[in-house]
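Here it is, the structure, as structure tokens.
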Amino acid sequence: MTAVEEPGPPDVPDLPGRIVLLTASHRVAPGLLSWPAWETLRAADLVLCPDPGHPQLPYLREAGVPVEISAPDAQELVEVCAGGRTVVVLPSGEGDSRLTDGLARLAGSGRVRMPDLELLPGSYDLPGARLLDLVQVMDRIRRECPWSSQQTHQGLAKYALEEAYELVEAVEEGDRDELREELGDVLLQVVFHARIAEEDGEEPFSIDDVAGGIVEKLIHRHPHVFGSERADTPEEVKEHWLRMKAVEKQRASVTDGVPLGQPALALAAKLASRARTAGLSVPLPSGEGVGYRLLALAVAAEAAGVDPEAALRGAARAYRVAIRAAE
């Protein structure tokens, strides 16, 4: 004996009904909807979608939720809801301003008894979801922009340096809006280089490989967070980091991996830091000229916990202010 579905309550003409606009993030896999969204879809009298290619449709059909491909205007949708019916609308990815603007006009006119209007998010963006947008935008720019499509790692290298310096300047000036913008410019350099790397014929890699590599590195170098070791002070954290790094790199010298192309004061301080951390007592080279005096100052600053590069830059900024005042 087959079960017979109980008839629903009869329509009541006086009831205005309910319109539910069900939205979903395009950055979340289709079909991954919240439980309230699925409950609403299953209980609805009618589910409408103006886009026959909507990514949710295959999953709704698989779940047994019938969907009518239709794009009613605001007045038609209000009429469909008459009698207390609940109608769910799946807007397209770009939204449906024609429908929402029309509903707003009807509601504001005061001449129409409006159904209950509800915006129901079926899924939300996770933290970092906009990074997916950046990857997609960069991919299209690389394919379609005459300038971007011709760029190489070598040609872009100077921009990475420029953006890094502009980021440091934003940090020093304390401008939050500028800081946010410069962080974006630095991030663009990473994504741009990773997109170019995908095209390498011999050793391609993608932004996922870049992100995966740094995730593995961070986990490995933080055993006090992701493992069983302990670190209660910043000094102990640094000790963990250096120990793990030494195991990974297997370097022959503590100076290996120090980029010689960085600013001279930063280079001197970095070399001094490596020597001090390794417990090496290395006398400073003697010589005539300002270079050796600057080296001694940089080493002394590093030992005192002062970044000589930042200190000199701060003094130079004060000097610039004085120059402008004199002008």
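Using a 1.4 angstrom probe, figure out how much accessible area the chain has per residue, in square angstrom, rounded to the nearest whole. Walk me through the numbers on the way to the answer.
Values: 21820 Å² over 327 residues.
Heavy-atom accessible area per residue stands at 67 Å².
Still on this structure: If I take R0 = 30 Å and measure r between the Cβ atoms of Ala325 and Val168 in this structure, what FRET efficiency does the formula 1/(1 + (r/R0)^6) give, to the nearest 0.05?
On the way: r = 24 Å, r/R0 = 0.80.
That gives a FRET efficiency of 0.80.
Seen from all sides and averaged, what is the projected area of the convex hull of the Cα atoms in the range 176-251, in nm²?
On the way: hull surface 30.3 nm².
For the range 176-251, the mean projected area of the Cα convex hull comes to 7.6 nm².
Still on this structure, I have one more. Take the residue pairs Lys245/Lys270; Lys158/Lys245; Lys158/Lys238 and return only those whose Cα atoms are more than 20 Å apart. Please report the intermediate quantities before stating the final value.
Working: Lys245/Lys270 16 Å; Lys158/Lys245 28 Å; Lys158/Lys238 31 Å.
Over 20 Å Cα-Cα: Lys158/Lys245; Lys158/Lys238.
Another question, then. Give me the one-decimal nm value for the distance between modelled label points at Met244 and Ala129, 7 Å along each residue's Cα-to-Cβ direction.
3.0
I've got another one for you. How large is the accessible surface of Tyr59 in square angstrom, using a 1.4 angstrom probe and rounding to the nearest 10?
Accessible area of Tyr59: about 100 Å².
Apply the Karplus parameterisation 6.51 cos²θ - 1.76 cosθ + 1.60, with θ equal to phi minus 60°, to every residue of the range 19-31 and state each ³J(HN,Hα) to the nearest whole Hz, in sequence, with x for glycine and proline.
Once rounded to whole Hz, the list reads 10, 10, 8, 9, 9, 8, 6, 6, 8, 10, 4, x, x.
May I pose another question? Explain nothing, just compute: Karplus ³J(HN,Hα) = 6.51 cos²θ - 1.76 cosθ + 1.60, θ = phi - 60°, for every residue of the range 228-241 in order, whole Hz, x for Gly and Pro.
For the range 228-241, the Karplus curve yields 9, 7, 10, 8, 9, 10, x, 5, 5, 4, 4, 4, 4, 4 Hz.
Among 199-206, 173-180, how do they line up from the highest to the lowest mean number of other beta-carbon atoms within 10 Å? Can you show the working numbers first?
Working: 199-206: 8.8, 173-180: 11.1.
Packing proxy ranking, top to bottom: 173-180, 199-206.
Find how much the distance from His220 to Leu187 grows on full extension, using 0.36 nm per residue of separation minus their present alpha carbon separation; answer in nm with one decimal.
Details: separation 33, 0.36 × 33 = 11.88 nm, distance 2.34 nm.
Length gained between His220 and Leu187: 9.5 nm.
What's the FRET efficiency of Glu76 with Leu120 using the Cβ-Cβ distance as r and R₀ = 22 Å, to the nearest 0.05? Could you put the intermediate results ahead of the total?
Details: r = 21 Å, r/R0 = 0.94.
It comes out at approximately 0.60.
Using protein chains only and a probe of 1.4 angstrom, how many square angstrom of Asp73 are accessible, to the nearest 10?
60
With the chain treated as a Gaussian network of Cα nodes joined by springs under 10 Å, which of Pro127, Pro283, Pro72 yields the largest mean-square fluctuation?
Maximum fluctuation in the GNM of the chain, among the listed residues, is at Pro283.
Using a 1.4 Å probe on the protein chains only, how many percent of the accessible area of the chain belongs to carbon and sulfur? Don't jump to the answer; show the numbers that get you there.
Numbers: 12580 of 21820 Å².
Answer for the chain: carbon and sulfur cover 58 percent of the accessible area.
Hey, another quick one. Under the Karplus relation 6.51 cos²θ - 1.76 cosθ + 1.60, θ = phi - 60°, what is the ordered set of whole-Hz ³J(HN,Hα) values for the range 298-310, x standing for Gly and Pro?
Values, residue by residue: 5, 5, 5, 5, 4, 5, 8, x, 10, 7, x, 5, 5 Hz.
Loop-only GluC sites (Glu not before Pro) in the range 247-321, please: DSSP not H, G, I, E or B, and at most 16 other Cβ atoms within 10 Å.
Working: sites: Glu248, Glu288, Glu302, Glu309; in loops: Glu288.
Those that pass, being in a loop and sparsely packed, are Glu288.
When the solvent-accessible surface of protein heavy atoms is calculated with a 1.4 angstrom probe, in what order do Val89, Val282 fall, highest first? Don't jump to the answer; show the numbers that get you there.
On the way: Val89 10, Val282 100 Å².
Descending accessible area places them as Val282, Val89.
Got a sec? What order do Ile219, Ile207 fall in by accessible area at 1.4 Å, biggest, i.e. largest, first? Intermediate values should be presented prior to the final figure.
Values: Ile219 75, Ile207 35 Å².
Largest accessible area first, the residues go Ile219, Ile207.
Also: At 222 nm, what value in deg cm²/dmol follows for the chain if DSSP H runs of at least 4 each add -39500 (n - 2.57) and the sum is divided by all its residues, to the nearest 500?
Working: 13 runs with 174 residues, N = 327.
Value at 222 nm, helices only: -17000 deg cm²/dmol.
Out of these labelled values of Rg/Rh (Cα atoms, Kirkwood Rh), (1) 0.99; (2) 1.05; (3) 1.16, which was calculated from the coordinates shown here?
(3)
With a Förster radius of 41 Å, plug the Cβ-Cβ distance of Ser206 and Ser286 into 1/(1 + (r/R0)^6) and report the FRET value to the nearest 0.05. Walk me through the intermediate numbers first.
On the way: r = 50 Å, r/R0 = 1.23.
The calculated FRET efficiency here is 0.25.
At what distance in nm do the modelled label points of Arg140 and Ala252 sit from each other, each positioned 7 Å from its Cα along Cα→Cβ?
According to this spin-label approximation, the distance is 5.0 nm.
Going by average Cβ density within 10 Å per residue, which order do the peptides 227-235, 17-25, 32-40 take, highest to lowest? Don't skip to the answer; put the middle values down first.
Details: 227-235: 9.7, 17-25: 20.4, 32-40: 15.0.
Put in order of decreasing packing, that is 17-25, 32-40, 227-235.
Counting only C-alpha contacts under 8 Å and six or more residues apart, can you give the relative contact order of the chain as a whole percent?
After rounding, I find 14 percent.
Just reorder Val65, Val306 by solvent-accessible area, largest first, 1.4 Å probe, all chains present.
Numbers: Val65 5, Val306 70 Å².
Highest to lowest solvent-accessible surface, that is Val306, Val65.
The values are calculated or read from the model by the stated rules, or taken from the named source; none is laboratory data. Just so you know, these numbers come straight off a predicted model, no measurement behind them. For neighbour counting, all protein chains shown are included, and Cβ atoms are generated from backbone atoms with ideal geometry for every residue, glycine included. All accessible areas refer to the heavy atoms of the entire protein, side chains included, with ligands and DNA or RNA removed. Shrake-Rupley method; radii C 1.70, N 1.55, O 1.52, S 1.80 Å.
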